Amino acid sequence: MDSSALVRRSRTTELRLLIFALLLVFAALELVDLNQQPVASWPAPQLALIFAVLCLAAHLTVRFVAPHADPVFLPCVALLNGIGLTMIHRLDLAGALAAAQAGHSAPAQEAPRQLLWMGISIALFAGTMVLVRDHRRLAGYTYLAGALGLGFLILPGVLPASLSEVNGAKLWVRLGPLSLQPGEFSKVLVIVFAAGFLVSKRHLFTTAGKRVFGMELPRTRDLGPLLLVWLASVCVVTFEKELGAALLFFGVALAMIYIATERVSWVVVGLALFAIGCVAAFFLFNHIQQRVTTWLDPLATYDQPGGGYQVSQSLFGLGTGGLTGTGLGAGRPDLVPFASTDFISGALGEELGMTGIAAIVVLYLLIATRGLRGALAVSDDFGKLLATGLSFSLALQVFVVVGGVTGLIPLAGMTLPFVSYGGSSLLANYLVLAVLLRVSNSIGETHTRPAQQATPLAESATVLVNAPVTGRPPS
């Protein structure tokens, strides 16, 4: 099969999967409207139509700009995005109904805003795909990306609380009516920096030091980069009171170092630093102690400000949903505060059940494994580390969010990628999607590029080589 036929087949597969995802989203939106009382809100067909137009615009961008890209990424992302939009719309209906019963005016709807942010995100996605024709160009901005990433990560911590603090966490930057979470973008920038730095300075991490218990520990003077990442994570916990961002930042950096060096000793050193940081943070910061106490027994702090009310309500909802869920529009996820952002996985678990949550997690695993598959297939080291870092960050973020909502680990206060309400999260994750598609497109271009034909011997140019005089006859 020639290269043009392979491209057409790949893009046709992507379009068919995308149409299937759009049909599922349309059915879910209609089911929500059928199960809820009619209130003043955007109707499901209107939301579904705008959503479909935006997804098809993303598909056309990939078709014309990156025709060799993996056909699985975009449909999976579209389905996740649509599931999130469905739950946000369902919570809008519940809020409008509660306001109507109380005689109040309906609160502002979040589903139309989510569609607006989705449109801006796809515009950014298309711009990135057009401007970054080769992912290797990002390696030229290694240190700029690192500086911007650390700056975005620390910026909310140094701003006044009036410009950055929401619900006790300093994660935001308010610019008039617009609020952005710069830490979402620092995730992408830091991964670009780590990939470029590890490729150029690999000798710092592969130099062996002392051998202890069968492992070659790194030299003390080579621990500087890892200590810098650890210190930045501690600063995030200290000044921004955000455990999730620090965990994600340090975990991704440690994973990329291990992949670049293939040395278990770096993991041991990193986990030791992580344990020291966790113990110190627990004894130094009250908000960390509160998170751990709530995790151990949410009902013990149920009625305390900032206590276990949210986690308890989410666990009650998950228990109500059981294996198959109450059905879209038939539960009470609106009883959980911040159900459209931090606790949207709990809301989905109530109405879709454990089966629905498992299906959503499988979608994330599919995206992550396709990203890791691309990392194995791409030819350059920078692309390998870049795709690995982005894929691992997505998987780790899902683990932190779902694990916190289900009580597996302490609550970290992060959003579920592509699903939760919020513009910063959507913008950053569509950037991740654009870079992963660029890496996979380079693999397809390499495999479909026609091999250069060897020049016949009779037509080859003759080159005269002067052999050095050695005083010995030729053998």
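Some observations on this one:
- Positive contributions from Lys and Arg (+1) and negative ones from Asp and Glu (-1), summed over other residues with Cβ under 12 Å from the Cβ of L372, come out at +2.
- Listed residues A99, V311, M129: farthest to the positive end of the dipole of the chain (Cβ charges): M129
- Cβ-based charge dipole, the chain, positive-most Cα from F239, A58, F250: F250
- Descending semi-axes in whole angstrom, ellipsoid equivalent of the chain, from the Cα gyration tensor: 44, 31, 18
- Only aspartates and glutamates eight or more places from K241 in sequence, or on another chain, were considered; those with a Cα closer than 20 Å are E165, E184, D342.
- Each distinct pair of alpha carbons in segment 258-402 adds a 1/r term; the inverse of their mean, the Kirkwood radius, is 17.9 Å.
- Computed from the C-beta positions of S105 and C235, the FRET efficiency with R₀ = 41 Å rounds to 0.45.
- Positive dipole terminus of the chain, leading residue within I344, L273, V405 (C-beta point charges): L273
- For segment 50-193, diffusion coefficient by Stokes-Einstein and Kirkwood Rh (Cα), 10 °C, 1.306 mPa s, µm²/s: 88 µm²/s
- Each Cα pair of segment 379-436 feeds into the Kirkwood radius, which the Stokes-Einstein equation turns, at 25 °C and 0.890 mPa s, into a diffusion coefficient of 197 µm²/s.
- Efficiency of FRET from Cβ geometry, T320 and R133, R₀ 45 Å, rounded to 0.05: 0.35
- Extension gain from L23 to I120, taking 0.36 nm per residue of separation minus the Cα-Cα distance: 32.6 nm
- Inter-probe distance in nm under a simple model that places probes 7 Å from Cα toward Cβ, at Q289 and L56: 5.9 nm
- Around the Cα centre of the chain, unit charges on the Cβ atoms of Lys, Arg, Asp and Glu (plus for the first two, minus for the last two) sum to a dipole of about 1460 debye.
- Inter-part distance where segment 124-140 and segment 1-31 are each reduced to a Cα centre, Å: 24 Å
- Three principal axis lengths of segment 1-111 [C-alpha, angstrom, descending]: 66, 22, 17
Laboratory data are not the source of any read-out in this text; all were calculated from the coordinates shown. Here the structure is a predicted model, which is why all the values come from computation and not from measurement. A quick note on method: Cβ atoms are made from the backbone with ideal geometry, for glycine too, and the neighbour counts reach across all protein chains shown.
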